[in-house]
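Peer 1: Got a structure for you, written out below as C-alpha cells; questions coming shortly.
The values are calculated or read from the model by the stated rules, or taken from the named source; none is laboratory data. What you see is a predicted model, and the numbers here were worked out from it, not measured in a lab. Every residue, glycine as well, gets a Cβ built from its backbone with ideal geometry; the counts of neighbours run over all protein chains shown. Surface areas here come from the heavy atoms of the whole protein model, side chains and all, with no ligands, DNA or RNA. Shrake-Rupley method; radii C 1.70, N 1.55, O 1.52, S 1.80 Å.
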Amino acid sequence: MGQATGFLEYRRQGNGDIAPAERIQHFAEFHTPLAEADRRCQAARCMDCGVPLCQSAIRLKGMVTGCPLHNFIPEWNDALYKGQFDMAAWRLLKTSSFPEFTGRVCPALCEKACNCGNSGDAAEAVTIHDNELFIIEQAFASGYMKPQIPKIRSGKKVAVVGSGPSGLAVADLLNRRGHTVTVFERDDRIGGLLMYGIPNMKLDKRIIDRRVTLMQDEGVSFVTGADIRNREDADRLLAEYDAVALCCGAKKARPLTAKGSETDGKPVQGILFAVDWLKSVTKSLLDSKLSDGEFFNPEGKDVVILGGGDTGNDCTGTAIRLGCKSVTQLEMMPCPPAERTPDNPWPEWPKVLKVDYGAEESIYTFGKDPRVYRTTIKEVHQQDGRVCGIQTVQVEFRMAGGKRTLCEIAGSEQELPCDLILIAAGFLGAEDYTAQAFGVALGPRGTVATDRADSYQSSVEKVFTAGDMHRGQSLVVWAIAEGRECAREIDSYLMGYSNA
C-alpha cells in the first residue's frame, strides 16, 4: 500500500457535479473530475485489505456485492497514488474491458463492499469508481491506449450478434486471442444499450465511438443495420462462422395493463416504453441536435414515468432537459429507509434511499422529489385517442394463499394530469425473433437457456450467449463480465483450451 495511514488522513472526496440550474440546459456530461493531486490522495485511502471485498464479488442473500469483473482494485489504487499511471492502467485493463464505460455508469458495487465503509458510513468508502475513470481517461490522454493488434491469427471466425456491452466484450477478448470477429448490430450506430439506452449526459457517445475506433484498428469488424430476424439469416452466419455469440439484450419491455391504456389492442398515443423513448431522443440529438422532431417532445407537457429505477431516473432528467411542465415517477415499492436497517448490514448492497441526478433536477426545477412510492396507474384517461390524464392508486403487498400479492388500497385513488406515460417497469426477457431464428431454447425468464448458470453455450451447436440475453436485465458491469467469460468459453470451444 502506498500510504498506510491514508484512510485516516484524507476524507472521501468524489468528482464534482455541475449545478442543476446549469446542467439541465444541455445534454453534456456534468461530472467534474478532481485535480491529479487530489485524485492521488483519494487513491491513498485504499488500505490494501487482507481480504479486499471490493474485488471479490461475493453473493449475500441472493445479491452480489463487490466487483463482478474481479478488478485488482488495491493494486491500481496503489499505482495511482504513486503516480504510476501506465502501471495503473495496465492492471485495470487486465480484468476490465471498458473502464471508460463502467467508470461513468456503474453503480459501484465495489464501493458498497469497501472496508472503509464497514462502519455503516458509505460516505467513507474509497472513491474506486472515480479512480477507475481517472486512470482510463489518463491512459487515453497520454497515448497509452494504442491498438493491440494480434501477431498471429487463429484462422477461426466468430460472429457476435449485438453490440452492447456484452457483445463488445466478447468481440474484444476473442480478437485479442487472434480470432477474426465481426459484430452485427441492427441499429445505425454501434453500442446497443450504451449508445441508445443511456442518455448522453451519463455517457457521452463520443466515448463509445472512441472505443469502437480502437477496436476497429485492432481488427474487429462492425456491421450496422444488420437485424438477424429469420432462419435464413441465422443459417448464413452458422455456415460462414465457426461460432456465434448472441448478445442481443433483454429488451422485451413489460407492458402497461391499466384500464384505458389500449384502443383496439394498440397503446393509446402518448404511452411509450421508456427505452424506446430514450433511444429516439438520443438518436435525434446525435442526428440533428434535436431539430428533426423525430421523438415525442414533452415540452410543456405533464409526464408520468411508471418505474422508480435507473431508467425512470434517466427519463426524468431527459424530460426536464426537454422542457416538460411536470414530471412524476410512480414506484410500486415502499420508500427505502434513509439508513441501513439491522437486517441489511455491510457488506450487503445498501437498500437505502438515494437521490440521483434526475431527482435532484426535479427538486431544483419543480421544488419536489418526483418519486411517489407504493403507487401505480389504475386507469388511463384519453381524449381523441391521446392520453389526457391518469388515475393512480396506492398498493401494498399482502399474504394471500401463502403468496405475497400486490393489492390496491381501497379509497386511495387520485387523479393526475398527464400527456405522456413512459413505461420503465422492467423487462420480460429477450426479444423472441433472433433466438427463434437460431432455434435456441429459452428459459422460464425469457432468456436463452444454457446447461448451467455458469455456462454460455446454448442448446444449439456453435451458438453461445451472454449479457442480459443470458442472465436477464442487469448492469453494464455484469454484461461486460459475462461477455468476457463467454469469450473464454468460445475460445476453448474453438481451440480446445483458452488463455484469454
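Peer 1: Leaving out ligands and nucleic acids, note down the accessible area per residue over the chain with a 1.4 angstrom probe, in whole Å².
Peer 2: Result: 44 Å² of accessible area for each residue.
Peer 1: Let me ask something else about it. Using only the Cα atoms of the stretch 83-145, build the gyration tensor, take square roots of its eigenvalues as a ≥ b ≥ c, and label the shape rounded, prolate or oblate: rounded if a/c is under 1.5, else prolate if a/b is larger than b/c, else oblate.
Peer 2: prolate
Peer 1: If a/c stays under 1.5 just call it rounded; otherwise compare a/b with b/c (prolate if a/b is bigger, oblate if not). Do that for the stretch 134-212, with a ≥ b ≥ c from the square roots of the Cα gyration tensor eigenvalues.
Peer 2: Oblate, since a/c reaches 1.5 and b/c is not below a/b.
Peer 1: Would you calculate the convex hull of the Cα atoms in the stretch 225-335 and tell me its volume per residue in Å³?
Peer 2: 173 Å³
Peer 1: Right, something else. With label points built 7 Å along Cα→Cβ from the Cα atoms of residue 142 and residue 56, find their separation and express it in nm.
Peer 2: Rounded to a tenth, the inter-label distance reads 3.1 nm.
Peer 1: Right, next: In nm, to one decimal, how far is the modelled label at residue 124 from the one at residue 299, with both set 7 Å along Cα→Cβ?
Peer 2: 5.0 nm
Peer 1: Rank 221, 367, 309 by how far each Cα sits towards the positive end of the charge dipole of the chain (+1 on Lys, Arg Cβ; -1 on Asp, Glu Cβ) and give me just the farthest.
Peer 2: In the chain, that residue is 221.
Peer 1: If you don't mind, there's one more thing I want to ask. Sort 8, 109 by accessible area with a 1.4 Å probe, largest first.
Peer 2: 8, 109
Peer 1: Quick check: the distance between the Cα centres of the stretch 12-90 and the stretch 374-391, to the nearest angstrom?
Peer 2: 43 Å
Peer 1: If you roll a 1.4 Å probe over the chain with all protein chains in place, what percent of the accessible area is carbon or sulfur?
Peer 2: 51 percent
Peer 1: Among 329, 291, 270, whose Cα projects farthest towards the positive end of the dipole of the stretch 268-423, with charges put on the beta-carbon of Lys, Arg (+1) and Asp, Glu (-1)?
Peer 2: 329
Peer 1: I would also like to ask the following. Which trypsin sites (Lys or Arg not before Pro) does the stretch 270-323 hold that lie in a coil by DSSP with at most 14 other beta carbons within 10 Å?
Peer 2: The qualifying sites are 289.
Peer 1: Let me ask something additional. Please list 223, 304, 51 from largest to smallest accessible area, probe radius 1.4 Å, with all protein chains kept in place.
Peer 2: Largest accessible area first, the residues go 51, 223, 304.
Peer 1: Calculate I(q)/I(0) for the stretch 346-500 by the Debye formula, one identical point scatterer on each C-alpha and no solvent, and give its log10 at q = 0.10, 0.16, 0.17, 0.19 Å⁻¹ to two decimals.
Peer 2: -0.65, -1.08, -1.11, -1.18
Peer 1: At 1.4 Å probe size, with no ligands or nucleic acids counted, give the accessible surface of residue 176 in Å², nearest ten.
Peer 2: That residue has around 100 Å² of solvent-accessible surface.
Peer 1: Which aspartates and glutamates does residue 354 reach when only Cα atoms under 12 Å apart count, and residues fewer than 8 places away in its own chain are ignored?
Peer 2: 310, 339, 369
Peer 1: Between residue 153 and residue 94, what length in nm is gained on full extension when 0.36 nm per residue of separation is reduced by their alpha carbon distance?
Peer 2: 19.1 nm
Peer 1: A further question on this structure: First measure r as the distance between the Cβ atoms of residue 217 and residue 11, then evaluate 1/(1 + (r/R0)^6) with R0 = 51 Å and state the FRET efficiency to the nearest 0.05.
Peer 2: Computed FRET efficiency for residue 217 and residue 11: 0.75.
Peer 1: Right, something else. Which helices, counted as full DSSP H runs in the chain, have an axial Cα extent of no less than 24 Å and a Kyte-Doolittle average of -1.0 or above?
Peer 2: The qualifying helices are 476-495.
Peer 1: Please give me, ordered by residue number, the trypsin sites (Lys or Arg not before Pro) of the stretch 101-151 that lie in loop per DSSP and have at most 12 other Cβ atoms within 10 Å.
Peer 2: Those satisfying the criteria are 151.
Peer 1: Report the Stokes-Einstein translational diffusion coefficient (µm² s⁻¹, integer) for the chain, Rh taken as the Kirkwood radius over Cα pairs, at 37 °C with viscosity 0.692 mPa s.
Peer 2: 136 µm²/s
Peer 1: May I ask which residue of 480, 200, 180 lies farthest towards the positive end of the charge dipole of the chain, with charges of +1 (Lys, Arg) and -1 (Asp, Glu) on Cβ and the Cα centre as origin?
Peer 2: After comparing all options, I get 180.
Peer 1: When only DSSP loop residues count, what GluC sites (Glu not before Pro) in the stretch 423-500 have their Cβ near at most 16 other Cβ atoms within 10 Å?
Peer 2: 461
Peer 1: Moving on to the next point. Per-residue accessible area for residue 478 at 1.4 Å probe radius, Å² rounded to 10?
Peer 2: 50 Å²
Peer 1: I've got another one for you. What number, rounded to the nearest 500 deg cm²/dmol, is the helix-based mean residue ellipticity at 222 nm of the chain, given -39500 (n - 2.57) per DSSP H run of at least four residues and division by all its residues?
Peer 2: Roughly -9500 deg cm²/dmol at 222 nm, from the helical runs in the chain.
Peer 1: Of 351/403; 205/252; 156/283; 157/289; 202/368; 259/351, which pairs sit farther than 28 Å apart, going by alpha carbon to alpha carbon?
Peer 2: Pairs exceeding the cut-off: 156/283; 157/289; 259/351.
Peer 1: A further question on this structure: Can you tell me, using C-alpha contacts under 8 Å and at least 6 residues apart, the relative contact order of the chain as a whole percent?
Peer 2: For the chain, the relative contact order is 16 percent.
Peer 1: Search the structure for amide H atoms under 5 Å from the amide H of residue 382, placed 1.01 Å from N in the peptide plane, and list their residues when 5 or more places away or on another chain.
Peer 2: Here 388 satisfy the definition.
Peer 1: On a 1.4 Å probe surface of the protein chains, which of 455, 288 comes out largest in accessible area, and what is the full order?
Peer 2: 288, 455
Peer 1: Show me, for the stretch 453-464, the HN-Hα J-couplings you get by feeding each phi into the Karplus relation (A = 6.51, B = -1.76, C = 1.60, θ = phi - 60°), rounded to Hz, glycine and proline as x.
Peer 2: Each residue of the stretch 453-464 in turn: 4, 9, 10, 10, 8, 7, 6, 10, 4, 6, 10, 10 Hz.
Peer 1: Separate question: How large is the dipole of the stretch 1-43 about the Cα centre if only Lys and Arg carry +1 and Asp and Glu carry -1, each at its Cβ, rounded to the nearest 20 debye?
Peer 2: That gives the stretch 1-43 a dipole magnitude of about 140 debye.
Peer 1: With charges only on Cβ, +1 for K and R and -1 for D and E, what is the dipole size of the chain about its Cα centre, in debye, rounded to 20?
Peer 2: 740 debye
Peer 1: Cα gyration tensor of the stretch 364-438, axes a ≥ b ≥ c as square roots of the eigenvalues: rounded (a/c below 1.5), prolate (a/b > b/c) or oblate?
Peer 2: oblate
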